[in-house]
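Novice: The structure's right below; bear with me while I get my questions together.
The values are calculated or read from the model by the stated rules, or taken from the named source; none is laboratory data. Just so we're clear, the structure is a prediction, and the values are computed from it rather than from any experiment. Cβ placement follows ideal geometry from the backbone for every residue including glycine, while neighbour counts extend to all protein chains displayed.
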Amino acid sequence: MGDLLGFVLSGLVSGALYALLATGLVLSYSASGLFNFAHGATAYLCALAFYELHSGFGWPAVPAALLLVFVVAPGIGWGLDRLMFRRLARVGETAQIVATIGLLVALPAAGLWTVELLADAGAPVLPAENQYGLPGIGPSPAVSWQPLDGVGIDSDQLITWLATAVAAAGLWVLMRHTRLGLRLRAAVDNRDLVELRGISADRLSSVAWMLSSGLAGLAGVLATPLLGLSAHDYTLFLFVSATAAVLGRFASVPLAFAGGLALGVLQNLVAGYASFADGITGFRTAVPFLILFAGLLVMDRRRRAAGTAAADAPPVDYLAGRSWGRRWGAWAAAAALLAVAFYTVTTPFWSGLLAQGLAIALVFVSFTVVTGLGAMVSLAQATFVTGAALVAGLLMSHGWPFVAAAAVGTCAAALLGAVAALPALRLGGRSLALATLALAFLADQVLFQFRWLRNGDAGWEIPRPAIGPLDLGDDRAMGVALVVLVTAAVAALSALRGSPAGRAMLAVRSAPAAAPASGVSVVRTKLLLFTVSAGLAGFGGVLYASYNTRITATDFTAMTGLVWLAVVVAAGLRRPQFAVVAGLVFALVPHLLAEYVTESSHLPVILFGLAGLALANDPDGYCAALPTRLHARRAAATPGAPGTRSFARGLRPRPPERVGSAPPAGGGEGDETAAHALELVAVHAGYGGADVLQGVDLRVRAGEIVAVLGPNGAGKSTACRVAAGVLGVRRGGVYVYGRDVRGDGTVRRARRGVVLAPEGRGIFPGLTIEENLSLQLADRAAREDAYARFPELAARRGVLAGSLSGGEQQMLALAPLLQRPPAVLIADEPSLGLAPRVVEEVFRLFEELRAAGTALLLVEEKAVDVLGIADTVTYLTDGRVAWCGPRAEVETGRLTEAYLGIGREVRR
């Protein structure tokens with residue numbers, strides 16, 4: 001019993017650290033939609049700073065820890081959010097994953113380089129890299145107690161438990177009993193709706209990142225005695241804690257916290273009692289990754305598994321349809337010049353570097369297959385490299401020729417790729433990335449630990465081959481051979497893109513659910529992508545190991561693969577030739593920096609990591625950025641005639657009126673001086689370079705209801721989004737009581753009283769009725785008045801809003817507006833999905849708001865119902881106002897034609 005209790009207590013120490021990291025991951029992911037792979041790097045930076053401040057500069061432990069946890073770590077989170085994370089939220093998931101992986105690589109190297117610079121300047125810092133047995137916050141050496149026979153605890157463990165308990169309690173109070181916590185949970189529930197309610201989602205995101213980084217900083221300081229100062233161990237710790245985040249479904253802070261504690265205990269119990277694993281080297285340390293892999297497969301139920309066309313669309317190929325010389329002439333000339341250079345201008349040193357870059361370029365090209373073509377992020381490419389090279393080295397040690405051994409090694413890597421493809425059949429995005437990384441760690445800790453495969457620490461020799469008269473022992477000959485092989489790989493992949501198999505891959509990438517309807521097998525395509533990618537990585541790995549003449553099981557770990565991915569994606573992985581550039585950069589830059597800048601090994605790592613951050617501005621990489629911008633400049637310099645369409649015969653558009661002028665027909669002569677509450681003047685707006693609204697004029701006065709009707713696709717919802725500030729205008733004006741608000745976003749317009757009730761229900765389904773009202777009605781008396789107006793809500797105030805009926809949800813959305821009528825209410829399809837009786841009640845509420853002086857712009861499909869309350873009616877067709885006038889002048893027959901899109905005009 002004592003052994004069991006001891007295992008549980010010690011497991012709770014690591015479990016507490018897992019819980020802190022997992023909670024931070026969930027907080028930042030929920031608020032921003034970004035899974036921060038660099039979360040463990042933040043913890044490492046704080047641990048490093050704590051060690052130097054406490055042991056180097058002599059600061060007392062507690063003040064140093066408080067400074068780091070409450071000031072430095074939140075400052076890191078705030079800075080990264082402002083500089084990077086906000087922009088990353090608007091790019092594809094692939095760029096998001098790789099950019100945070102770039103941070104994971106860069107931050108620890110930046111911390112260690114800073115220590116080196118301080119040491120060179122004479123500061124009292126201590127050697128930091130891979131230090132163990134370090135002091136923590138408590139006494140040093142730690143004080144130990146033995147409360148029960150065979151059960152011992154020390155002061156570091158006790159401090160970890162207490163700090164974690166206090167952090168958990170404080171976080172619970174913050175999230176459940178403060179207005180800030182309520183807003184954070186609302187942002188998790190519906191970020192867009194938060195902004196429509198006048199709350200800055202960006203500020204909430206900054207707060208979430210600050211809290212997340214603070215928790216990471218606390219975990220880093222507490223883990224110093226346990227992990228020491230190994231960036232690799234902190235990264236492993238992060239990915240173990242990701243298992244707890246998976247258990248919390250990346251959304252529930254309490255579940256993630258409990259999952260972290262349970263994970264630590266389970267890991268210790270397996271280490272203590274799993275005697276069946278004694279013969280499997282590394283099994284005990286690999287348990288969390290087994291749980292992570294299983295948890296992702298079982299609990300993640302995403303259906304889109306190969307990226308989304310909207311979020312991660314491939315770039316436009318501006319050279320499509322051009323001649324071969326225009327597309328490939330420069331690249332072919334560069335390859336020929338490089339081959340000639342090996343025997344003319346390069347020294348043996350630079351010949352070796354170039355050959356090394358070309359060898360790693362073959363590995364980098366494999367990323368183009370699985371991620372560039374398939375939009376699936378694989379973090380196991382280093383595993384394929386190691387597996388292929390170890391198998392080839394094993395066979396060559398038994399007398400196999402190089403070509404045969406390399407072929408079998410490549411097949412072994414392809415087989416590993418087929419295994420890694422299994423998660424891709426179910427998962428996508430960050431979940432697939434985590435699953436492949438879990439497999440990579442399992443390979444490092446279990447598969448590559450088999451003695452017969454790794455041959456101890458010495459590894460295997462892979463001598464360079466001599467094929468006929470070609471002796472690749474000469475770096476020049478090997479360089480030319482690699483130029484030929486890389487050229488062949490690039491040509492093959494380019495041909496694959498245009499082949500039926502390539503088109504099937506692109507179909508699965510863009511629309512995996514629709515691909516089977518075209519006869520494309522999603523399963524077979526994904527297996528092919530992973531298998532080809534893994535085989536190519538394995539073949540490149542054998543050549544790379546051959547260049548070094550030896551391979552060991554630790555040459556290319558899972559962490560190495562993360563660096564590779566950051567480098568190749570920063571260059572651009574959509575085109576294989578960009579991956580070749582990345583390979584050469586990866587080989588040459590460290591030596592150039594060492595020769596001309598600094599001998600520190602950390603600066604190249606920092607630069608490679610920071611290259612991933614550039615994806616926030618150029619998601620397709622720096623190689624693609626230049627031609628894309630040149631094309632954009634040429635397009636901007638070419639004058640284009642905007643498309644125009646004439647109105648139907650006998651119908652002319654109304655000319656734009658000046659701000660504050662009389663309303664359109666229906667206002668009456670006596671209202672000529674009435675200011676408009678909301679005005680859209682000659683507005684052009686749309687999406688992706690195409691205008692949906694083409695010169696739209698809309699005006700609504702205070703105390704007026706304007707109904708906007710028209711067929712689907714006419715631009716009605718777009719007009720609502722423009723009026724609310726969700727969508728900007730290309731040309732034209734938007735005015736609120738005469739004030740130009742084009743520079744105001746959604747939040748500022750909402751604070752000025754312009755409220756958008758979006759299509760569907762404007763409520764937060766994950767919050768209770770009381771919490772939904774509290775977001776807009778901070779005063780309890782105002783909430784009680786709302787309950788008095790809607791007694792059916794009062795009886796269920798503790799119920800989640802998502803469990804209400806459609807009518808009740810619409811009542812909940814309108815209740816705060818009736819207590820505090822907005823200046824302008826824009827309602828997009830307010831009756832959608834509601835029963836006729838409920839629709840009547842909703843429209844009565846709109847009439848109450850009109851009586852209170854609110855200007856209402858209603859977009860409706862139920863034309864007959866909305867005409868019963870509208871003062872003015874506006875028809876939109878093809879993004880233009882076809883007619884605008886008082887309700888009394890609407891002609892039923894022409895209304896039917898226009899509404900159904902049969903006719904092109906509406907007459908009085």
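Novice: Select from the stretch 840-870 the residues that are more than 43 Å from the chain's Cα centre (by Cα) and β-branched (Val, Ile, Thr) and write down the one among them that is farthest from Arg699 (Cα to Cα).
Specialist: Among them, the one singled out is Val864.
Novice: Would you mind stating whether Val729 is β-branched (Val, Ile, Thr) and either surrounded by fewer than 18 Cβ atoms within 10 Å (Cβ to Cβ) or over 28 Å from the mean Cα position of the chain (by Cα) (or both)?
Specialist: On the way: β-branched (Val, Ile, Thr): yes; either surrounded by fewer than 18 Cβ atoms within 10 Å (Cβ to Cβ) or over 28 Å from the mean Cα position of the chain (by Cα) (or both): no.
Judged against the criteria, Val729 is not a match.
Novice: Hey, any hits in the stretch 477-492 for a residue that's out of contact with any Gly (no Cβ under 7 Å at 6 or more places or on another chain), surrounded by 20 or more Cβ atoms within 10 Å (Cβ to Cβ) and not in a helix (DSSP H, G or I)?
Specialist: Looking for residues that are out of contact with any Gly (no Cβ under 7 Å at 6 or more places or on another chain), surrounded by 20 or more Cβ atoms within 10 Å (Cβ to Cβ) and not in a helix (DSSP H, G or I), one finds none in the stretch 477-492, hence no.
Novice: Now, a different point. Which of the residues spanning the stretch 844-874 are of a type outside the set (A, V, I, L, M) and modelled with pLDDT of 85 or more? Even if it seems obvious, please write down each step before you answer.
Specialist: Filtering the stretch 844-874 for residues of a type outside the set (A, V, I, L, M) gives 844, 846-848, 850, 853-854, 860-862, 865, 868, 871-872, 874.
Result: Arg844, Phe846, Glu847, Glu848, Arg850, Gly853, Thr854, Asp871, Thr872, Thr874.
Novice: Here is a further query. Out of the residues in the stretch 820-840 that are in a helix (DSSP H, G or I) and surrounded by fewer than 17 Cβ atoms within 10 Å (Cβ to Cβ), state the one that is modelled with the lowest pLDDT. Break it down stepwise before answering.
Specialist: Our first condition is that a residue be in a helix (DSSP H, G or I); within the stretch 820-840, this holds for 836-840.
So of that shortlist, the ones also surrounded by fewer than 17 Cβ atoms within 10 Å (Cβ to Cβ) come out as 836-837, 840.
On the way: Pro836: 78, Arg837: 81, Glu840: 82.
The selected residue is Pro836.
Novice: Quick check on my filter: what residues within the stretch 27-51 are more than 13 Å from the chain's Cα centre (by Cα) and among the hydrophobic types (A, V, I, L, M, F, W, C)? Outline the logic, then answer.
Specialist: Initially, the stretch 27-51 is screened for residues more than 13 Å from the chain's Cα centre (by Cα), giving 27, 39-51.
Leu27, Ala41, Ala43, Leu45, Cys46, Ala47, Leu48, Ala49, Phe50, listed by residue number.
Novice: Is it true that Leu48 is free of Cβ contacts under 8 Å to residues at least 40 places away in the same chain and part of a helix (DSSP H, G or I)?
Specialist: Values: free of Cβ contacts under 8 Å to residues at least 40 places away in the same chain: no; part of a helix (DSSP H, G or I): yes.
The answer is no for Leu48.
Novice: Looking for whichever is closer than 22 Å to Ser600 by Cβ and either out of contact with any Asp or Glu (no Cβ under 9 Å at 6 or more places or on another chain) or part of a loop (DSSP other than H, G, I, E, B) (or both) here; the options are Leu112, Leu80, Leu134, Leu103. Which one fits? Let's see the steps before the verdict.
Specialist: Working: Leu112 fails: either out of contact with any Asp or Glu (no Cβ under 9 Å at 6 or more places or on another chain) or part of a loop (DSSP other than H, G, I, E, B) (or both); Leu80 fails: closer than 22 Å to Ser600 by Cβ; Leu134 fails: closer than 22 Å to Ser600 by Cβ.
The match here is Leu103.
Novice: Considering every residue within the stretch 154-167, establish whether at least one is more than 25 Å from Leu25 (Cα to Cα), among the acidic types (Asp, Glu), at pLDDT below 85 and loosely packed, with under 15 Cβ neighbours inside 10 Å.
Specialist: Residues of the stretch 154-167 that are more than 25 Å from Leu25 (Cα to Cα), as a first pass: 154-155.
Among the residues that remain, those that are also among the acidic types (Asp, Glu) are: 154.
Still in the list and also at pLDDT below 85: 154.
Going one step further and asking which of them are loosely packed, with under 15 Cβ neighbours inside 10 Å, we end up with none.
For the stretch 154-167, residues more than 25 Å from Leu25 (Cα to Cα), among the acidic types (Asp, Glu), at pLDDT below 85 and loosely packed, with under 15 Cβ neighbours inside 10 Å: absent.
Listed here are the residues, each with its yes/no results for (1) buried (at least 19 other Cβ atoms within 10 Å of the Cβ); (2) of a type in the set (Ser, Thr, Tyr).
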position	(1), (2)
Gly181	no, no
Leu184	yes, no
Asn190	yes, no
Ala219	yes, no
Thr243	yes, yes
Ala256	yes, no
Leu261	yes, no
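Novice: Is it the case that the stretch 371-380 has a residue that's farther than 21 Å from Val580 by Cβ, out of contact with any helix residue (DSSP H, G or I) (no Cβ under 7 Å at 6 or more places or on another chain) and not acidic (Asp, Glu)?
Specialist: no
Novice: Being within 25 Å of the chain's Cα centre (by Cα) and free of Cβ contacts under 8 Å to residues at least 12 places away in the same chain is the filter here; which residues of the stretch 383-431 pass it?
Specialist: First, pick out the residues of the stretch 383-431 that are within 25 Å of the chain's Cα centre (by Cα): 383, 417, 420-431.
Result: Leu422, single match.
Novice: Consider the stretch 740-762. How many of its residues are surrounded by fewer than 17 Cβ atoms within 10 Å (Cβ to Cβ) and closer than 24 Å to Gly802 by Cα?
Specialist: Final tally of qualifying residues: 2.
Novice: Now, a different point. What number of residues within the stretch 784-819 are among the aliphatic types (A, V, I, L, M), within 21 Å of Ala186 (Cα to Cα) and outside any helix (DSSP H, G or I)?
Specialist: Residues in the stretch 784-819 being among the aliphatic types (A, V, I, L, M), within 21 Å of Ala186 (Cα to Cα) and outside any helix (DSSP H, G or I): 3 in total.
Novice: Could you check how many residues of the stretch 522-551 are closer than 29 Å to Asp233 by Cα and buried (at least 20 other Cβ atoms within 10 Å of the Cβ)?
Specialist: Count: 11.
Novice: Surrounded by fewer than 19 Cβ atoms within 10 Å (Cβ to Cβ), at pLDDT below 85 and part of a helix (DSSP H, G or I) - does that describe any residue in the stretch 192-200?
Specialist: For the stretch 192-200, residues surrounded by fewer than 19 Cβ atoms within 10 Å (Cβ to Cβ), at pLDDT below 85 and part of a helix (DSSP H, G or I): present.
Novice: Scan the stretch 711-721 and tell me whether some residue there is closer than 23 Å to Leu193 by Cα and assigned to a strand (DSSP E or B).
Specialist: no
Novice: Checking the condition assigned by TED's automatic domain parsing to the domain that holds Trp460, surrounded by fewer than 24 Cβ atoms within 10 Å (Cβ to Cβ), closer than 23 Å to Val490 by Cα and modelled with pLDDT of 90 or more, which residue from Leu353, Leu415, Leu358, Leu395 passes?
Specialist: Numbers: Leu353 fails: modelled with pLDDT of 90 or more; Leu358 fails: surrounded by fewer than 24 Cβ atoms within 10 Å (Cβ to Cβ); Leu395 fails: closer than 23 Å to Val490 by Cα.
Going through Leu353, Leu415, Leu358, Leu395 in turn, the sole match is Leu415.
Novice: Next question. So Ala507 fits all but one of (1) more than 24 Å from Leu394 (Cβ to Cβ); (2) surrounded by fewer than 19 Cβ atoms within 10 Å (Cβ to Cβ); (3) small (Gly, Ala, Ser); (4) without any contact (Cβ under 8 Å) to a residue 40 or more places away in the chain; what number is the exception?
Specialist: Going through the list (1) more than 24 Å from Leu394 (Cβ to Cβ); (2) surrounded by fewer than 19 Cβ atoms within 10 Å (Cβ to Cβ); (3) small (Gly, Ala, Ser); (4) without any contact (Cβ under 8 Å) to a residue 40 or more places away in the chain, Ala507 breaks only (2).
Novice: Follow-up. For the stretch 732-783, how many residues are under 29 Å from the mean Cα position of the chain (by Cα), under 12 Å from Pro816 (Cα atoms) and in a loop (DSSP other than H, G, I, E, B)?
Specialist: 2
Novice: Hey, another quick one. For the stretch 788-802, which residues satisfy the criterion of being touching a residue at least 12 places away in the same chain (Cβ under 8 Å) and either buried (at least 18 other Cβ atoms within 10 Å of the Cβ) or over 22 Å from His177 (Cα atoms) (or both)? So that I can check it myself, show each step before the final result.
Specialist: First, pick out the residues of the stretch 788-802 that are touching a residue at least 12 places away in the same chain (Cβ under 8 Å): 789-790, 792-793, 796-802.
Listed by number, the residues that qualify are Arg789, Phe790, Glu792, Leu793, Ala801.
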